[in-house]
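The block underneath contains the structure these notes are about, expressed in structure tokens.
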Amino acid sequence: MGMRIIILICGEGLGHTSRCLALGKEFLEGEHEVHFGAYGYSKEMVEKTGYPAHEIPSEIKLIGKAGTLDFKGSIEATLKNADILGGPKLLKLIKDIDPDVIFSDSYYLGTLAGFTLRIPVYLILNQSNMEEFFKNRGVSLRLLGEMTRRFYNQIFEKVNKIIIPDYPLPYTVCRKNLNFRGKVQEKVFYSGPLLKEKYEEVEQITLKKPHTVSLIGGFGYRRPIFEKVIETAKLDTSINYTLISGPSLDPSKLADLPENVELLKFIEDTYPYMKGSDAVIAPGGHSTIIEALSFGIPILSFPDREHSEQENNAEVIEEEGYGRMLSYSTPPEVVLECIREVLEEEKYRNKTQRLRRLARELNGPSAVREMLEKEFKEKAF
């Protein structure tokens with residue numbers, strides 16, 4: 001008999017939604033009943049995929065300007081957007097659905113609701129050291145950082161499982177953002193990448209070679225990445241580029257495109273472009289990096305400034321030889337040299353192809369389903 005599962009998604013950044021859709025698809029194939037809870041563009045994305053989604057209260061609001069995460073502005077926007085009745089509404093929704101288990105992707109209101117209703121909670125995350133955001137930001141924010149650390153540690157102690165949607169060590173991309181201690185470490189499960197489609201199932205788009213695909217995710221403040229890529233493209237027209245816009249960026253604002261650059265409106269499924277490319281240019285967001293590596297594609301990462309999590313991910317890319325870490329201040333001439341290096345030197349492709357093979361062997365969504373079914377079967381006896 002199948003389980004009733006609710007998947008609650010943090011709507012900031014499209015990566016949370018993408019990996020939850022991968023899990024939802026896997027659970028449905030295992031004949032379980034699946035409910036999605038989401039907000040904002042995340043909810044739209046779930047519905048466009050063909051699944052119904054329940055509206056849940058928004059939790060975090062990230063804002064920025066010219067490639068920099070505005071930390072104080074994000075705190076203010078989060079508080080301004082907060083729904084005072086959010087907790088009771090969410091509790092009612094979960095009570096009405098009456099799930100056997102809650103999967104919460106970095107959505108901590110849902111995690112607390114699970115504790116209140118005594119429903120098992122499986123927490124999906126790629127960062128546990130949230131207090132890093134508060135470092136070097138003055139005394140009051142450092143104190144807030146310490147409170148944040150204690151809050152999250154209590155959550156980690158109470159959840160049933162912590163799923164890291166990444167390669168197991170030593171290949172873990174987000175390893176610098178994890179700091180589990182003591183007994184909490186026993187709850188951690190490295191699932192491997194959670195992809196909506198397997199590499200073999202994706203129909204590759206034919207792109208003019210050599211080809212670099214650039215993605216910026218869900219935030220319009222990353223527009224400077226595209227501007228940098230366009231300037232770089234003008235220096236060597238033998239390298240071709242496809243820029244895929246995010247939902248909050250109007251492509252018409254980027255004019256004067258050279259012939260070797262194509263700019264596309266936001267599309268939900270970027271996998272065919274990724275599969276057809278020779279390199280990916282992206283911010284330092286975890287999901288895009290993991291998707292590119294799962295497709296065996298080297299990465300040139302422009303992490304958001306003042307965003308420690310993304311900077312840590314990009315550092316691992318650089319250190320492990322999966323690509324290069326760049327910054328918004330890197331001149332176009334240097335960006336071009338890095339692109340040429342990644343395209344021409346086989347060492348990058350050799351390393352990322354190893355991770356493509358590993359992603360296939362790990363089969364993340366299936367690993368999570370098997371782990372869940374095994375644990376519930378053991379509880380039934």
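What follows draws every value from the coordinates through simple rules; no lab data is involved. Keep in mind it's a predicted model, so treat the numbers as computed, not measured. Here the Cβ is made from the backbone with ideal geometry for all residues, glycine too, and neighbour counts use every protein chain on show.
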With r defined as the distance between the Cβ atoms of F180 and E341 and R0 fixed at 30 Å, what FRET efficiency is calculated, to the nearest 0.05? 0.30
Which of the pairs K92/K377; K161/K183; K25/K198; K208/K275; K25/K176; K48/K187 have their Cα atoms more than 22 Å apart in this structure? K92/K377; K25/K176; K48/K187
Taking the chain and dividing mean pair separation by its residue count, relative contact order in percent (alpha carbons under 8 Å, at least six apart): 16 percent
Using DSSP to call loops (not H, G, I, E or B), can you name the trypsin sites (Lys or Arg not before Pro) in region 224-289 whose Cβ has at most 14 other Cβ atoms within 10 angstrom? K265
For region 292-381, which GluC sites (Glu not before Pro) are in a loop by DSSP, counting at most 11 other Cβ atoms within 10 Å? none
Virtual paramagnetic centre 7 Å along Cα→Cβ of F115, amide N under 19 Å, in region 4-43: 8-10
Give me the extension gain from E33 to K234: residue separation times 0.36 nm, minus the current Cα-Cα distance, reported in nm with one decimal. 67.2 nm
Equivalent ellipsoid dimensions for region 199-359 as semi-axes, Å, which come from the Cα gyration tensor, largest first: 21, 18, 16
With -39,500 (n - 2.57) per DSSP H segment of 4 or more residues and division by the full residue count of the chain, the 222 nm estimate, nearest 500 deg cm²/dmol, is -14000 deg cm²/dmol
Stretch gain in nm, segment K253-Q154, where the contour uses 0.36 nm per residue and the Cα spacing is subtracted: 31.1 nm
May I ask you to derive the relative contact order of region 199-359, considering only C-alpha pairs under 8 Å and at least 6 residues apart, and to give it as an integer percent? 23 percent
Taking the convex hull of the alpha-carbon atoms of the chain and averaging its shadow over every direction gives an area in square nanometres of 18.6 nm²
Difference of contour (0.36 nm per residue) and Cα-Cα distance, M371 to K208: 54.5 nm
For 96-109, 176-189, 7-20, ranked highest to lowest by mean beta-carbon neighbours within 10 Å, the order is 7-20, 96-109, 176-189
Where labels lie 7 Å past Cα in the beta-carbon direction, separation of D269 and D98 in nm: 3.7 nm
